[in-house]
Amino acid sequence: MVTIEPACDDGKENVNPRKLTANEEHPEVSQRELKKNNDSEADGHIDIKEGEGWETASEGENEIEDEIPSVSESFEDAMTEEQQKQRSLAQANDAKAEGNQFFGAGEYEAALAQYASALEIAPDHPMANEIRSVCYANRGICYYKLGKYEETIKESTKALELNPAYTKALIRRAEAHENLEHFEEAIADMKKVLELDGSNEQARRTVIRLEPLAAEKREKLKEEMI
């Protein structure tokens, strides 16, 4: 009986034959798929099915809109009452500055409008008293330049209600009174100026000049009454 030994290749291990892949079995299909993928990448487009962990554009936008608060929620509501007052005060200062520019250019009507805007914006709070009094006083000067002395008196009085020691407003009101021949009132305002600032020569000279005119007017009134 003859025994047949298995073949041996000089000590090398037998290698089981490799199973062919699907691409190798069907090369024509592989080439078509490769071409399709290459064409997609060249266009910058990758096919991604919805529901595989990716958001569609509309879904993403809706979520972002839900997350982003409105301006009033994110800014206005986030500001404290004090911060809102400070912001209003800054805006009022800007409007006043624009009014000053118009005044410097001789555009008194435009300046009046800007000072009015500043007064509307400025918060009704003691911290805004200074800017409000300045705006009223500046409006008084504008009216004075326009020859509207009654309006000058009204605006200057509003300024003095907020700041009784406002000497410029007192002087402007006194000048308006003088132009209307309200000599007694003009003298009274100038005397208040001297109480606040004894070295104010304009006020001193005005009092000296107006006292004789006031006395003369009083005499005329007496004669008219007789």
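Could you go through segment 103-113 in sequence order and give the Karplus-derived ³J(HN,Hα) for each residue, using 6.51 cos²θ - 1.76 cosθ + 1.60 with θ = phi - 60°, rounded to whole Hz, and x for Gly and Pro?
4, x, 8, x, 8, 5, 5, 5, 5, 4, 5
Can you figure out the FRET efficiency of Gln84 with Ile226, using R₀ = 45 Å and their beta-carbon distance, to the nearest 0.05?
Efficiency computed from Cβ-Cβ geometry: 0.10.
Roughly speaking, what is the centre-to-centre gap between segment 131-150 and segment 205-226 when only Cα atoms are used, to the nearest Å?
27 Å
Give me log10 I(q)/I(0) at q = 0.11, 0.22 Å⁻¹ for segment 80-225, Debye formula, one equal scatterer per alpha-carbon, no solvent.
The Debye formula, applied to the Cα set alone, gives -0.48, -1.24.
Tell me, in nm to one decimal, what length is gained between Leu146 and Glu216 on full extension, where the rule is 0.36 nm per residue of separation less the Cα-Cα distance?
Difference between extended and current length: 22.3 nm.
What are the ³J(HN,Hα) couplings of segment 199-212, residue after residue, when phi is run through the Karplus curve with 6.51, -1.76, 1.60 and θ = phi - 60°? Round to Hz, x for glycine and proline.
Couplings: 8, 6, 6, 4, 5, 5, 5, 5, 4, 4, 6, 8, 4, x Hz.
Counting only pairs 8 or more residues apart or on different chains, how many lysine pairs in segment 80-225 have their Cα atoms under 22 Å apart?
Lysine pair count for segment 80-225: 22.
If I model a spin label as a point 7 Å beyond the Cα along the Cα-Cβ vector, how far apart are those points for Lys154 and Glu181 in nm?
2.3 nm
What ³J(HN,Hα) values, in whole Hz, does the Karplus curve 6.51 cos²θ - 1.76 cosθ + 1.60 give for segment 170-181 when θ = phi - 60°, with x put for Gly and Pro?
Values per residue, Gly and Pro as x: 5, 5, 5, 5, 4, 5, 5, 4, 4, 5, 8, 6 Hz.
Any read-out appearing in this document is the output of simple, stated calculations on the displayed coordinates, not a laboratory observation. Everything numeric here is computed off the predicted structure, so don't read it as measured data. Backbone-built Cβ (ideal geometry, glycine too); neighbour counts: all protein chains shown.
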